[in-house]
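To keep things clear, I will list the structure first and then write my remarks on it.
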Amino acid sequence: MTFQKEYLDLVLVPLGLLIMFTYHLFLLYRYLHHPHTTAFGFENNDKRAWVEKKDASVAITVITSNISAATFLSTVSLTLSSLIGAWLGSSTNNIFESELILGDTRASTISIKYISLLSCFLLAFSCFVQSTRHFVHATYLISMPEDNVPVKYAEIAIIKGGEFWSLGLRALYFALNLLLWFFGPIPMFLSSIILVIILHYLDTNTTPLHNYSTSESCTDQKVADRIYGKATFIDHNNNRGCGLR
């Protein structure tokens, strides 16, 4: 029994997807149990401190830029999904059925490729829409006229918005991987390996998390107070005292 080129899709494509899914499951485990080792945990630590020390006007400006970026990517994802759907419904002679492509070029396999790519773009669109939703909710919480909204609510909205943003980007990474599948299973498999290596480098954090609960201005004032012989200094910005030892 001779080995046919169609068999490459049955071996390399599932193996490439398995590599991608395994890495992201491992990343999810690290994010849930050891968040300080991931870039997401490092960013969330900064976001929590930013929400606690926010200025309302500046915070809304920053969140508005995130909303604009999420809206733009959701529009791009939806547009690409529409184009793929139109191409899938109207194409008869497909350029990806060429004999030059080393892999399965049957019409049924081409349809599976289109559907898989379309699913990734639709998933990305959904995630970016949810990201926009949470960022919009955060603007309502931050712009409250009375300061009686718990800071925790704004933190949750900001972090969830960032998580959905990251999920949308991951869906686009998978879409890029599946896009190369149109050119054969070998480019798709190599792309999976290269993408996992790059993402592992980008997702890993080795910088210790900074403890923002200790005010740097308060620490500097303690040094000045020792010089001038003062016992305590009241940080009027944070409304808490800095005792000297």
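Worth pointing out:
- Inside segment 119-142, residues that are under 11 Å from Lys160 (Cα atoms) and either of a type in the set (A, V, I, L, M, F, W, C) or not in a helix (DSSP H, G or I) (or both) make up a count of 3.
Residues checked against (1) under 30 Å from Val11 (Cβ atoms); (2) in contact with a Leu (Cβ under 8 Å, 6 or more places away or on another chain); (3) touching a residue at least 12 places away in the same chain (Cβ under 8 Å):
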residue: Gly103; (1), (2), (3): yes, yes, yes
residue: Leu118; (1), (2), (3): yes, yes, yes
residue: Cys127; (1), (2), (3): no, yes, yes
residue: Leu176; (1), (2), (3): yes, yes, yes
residue: Ile198; (1), (2), (3): yes, no, no
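- Evaluating Thr79 against the criteria (1) modelled with pLDDT of 85 or more; (2) surrounded by fewer than 11 Cβ atoms within 10 Å (Cβ to Cβ) leaves one unmet condition, (2).
The values are calculated or read from the model by the stated rules, or taken from the named source; none is laboratory data. Predicted model only: the values in this text are computed from it and were never measured. Methodologically, a virtual Cβ is constructed for each residue, glycine included, from the backbone with ideal geometry; neighbour enumeration extends over all protein chains shown.
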